Amino acid sequence: MPSLAKNKKAFHDYEILETFEAGIQLLGPEVKSCKASNCNLKGGYVDIDSKHQVWLNEVHISPYKFANKNNPNPTRKRKLLLNEKEILKILKQLNETGTTCVPLEMYTKGGLIKIKIALVRGKKLYDKRADLKKKSQNLDIARALKRK
């Protein structure tokens, strides 16, 4: 499962409640561009419309340079493929206040491109500081153990 793109900022800004694996509908040049790791998940979000269709918004997939001149818009809406039970679960959580759904990682699985999305809640500033402090302490411990 090689990773094509990760949304590192989401791990810093949000508390992850639950993750889902979804398929993504891409056009031919977009698939080639994704497999060349020319995609950026930062700033992307997931939205569900009234027909219970899941859409991925604001994810930038660069145009494939060897394709014809008819490359699609790099930040267009892309449909995500989930089953109805998962869609209803996400929709129920999104109706709660303070939760949203963001993409975490794009990867290949058996020749297909999958995307990991997560239901998240925003962190407070003091939570972010505590996480950075804990990460720094763990790094110092690892360095001290490596020396001995």
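The values are calculated or read from the model by the stated rules, or taken from the named source; none is laboratory data. As the structure is a prediction and not an experimental result, all values here were calculated from the model. FYI the Cβ positions are ideal-geometry reconstructions off the backbone, even for glycines, and counts take in every protein chain you see.
Note on the stretch 9-23: among residues that are surrounded by 15 or more Cβ atoms within 10 Å (Cβ to Cβ) and either basic (Lys, Arg) or modelled with pLDDT of 95 or more (or both), the one that is nearest to LEU81 (Cα to Cα) is ALA22. Of all residue pairs spaced 6 or more apart or on separate chains, those with beta-carbon atoms under 7 Å, a first member in the stretch 101-129 that is closer than 19 Å to ARG78 by Cβ and touching a residue at least 40 places away in the same chain (Cβ under 8 Å) and a second member that is part of a loop (DSSP other than H, G, I, E, B) and of a type in the set (A, V, I, L, M, F, W, C) are PRO103/LEU41; PRO103/VAL59; MET106/LEU41; TYR107/MET1; THR108/MET1; LYS109/MET1; ILE113/LEU26. Against the list (1) buried (at least 18 other Cβ atoms within 10 Å of the Cβ); (2) in contact with a Phe, Trp or Tyr (Cβ under 9 Å, 6 or more places away or on another chain); (3) not hydroxyl-bearing (Ser, Thr, Tyr), the condition ALA36 fails is (1).
Within the stretch 64-85, one or more residues are assigned to a strand (DSSP E or B), of a type in the set (Lys, Arg) and farther than 20 Å from ARG121 by Cα.
Give the residue that is farthest from LEU17 (Cα to Cα), with candidates limited to residues of the stretch 114-148 that are among the aliphatic types (A, V, I, L, M) and touching a strand residue (DSSP E or B) at 6+ places or on another chain (Cβ under 6 Å). Here the answer is ILE115.
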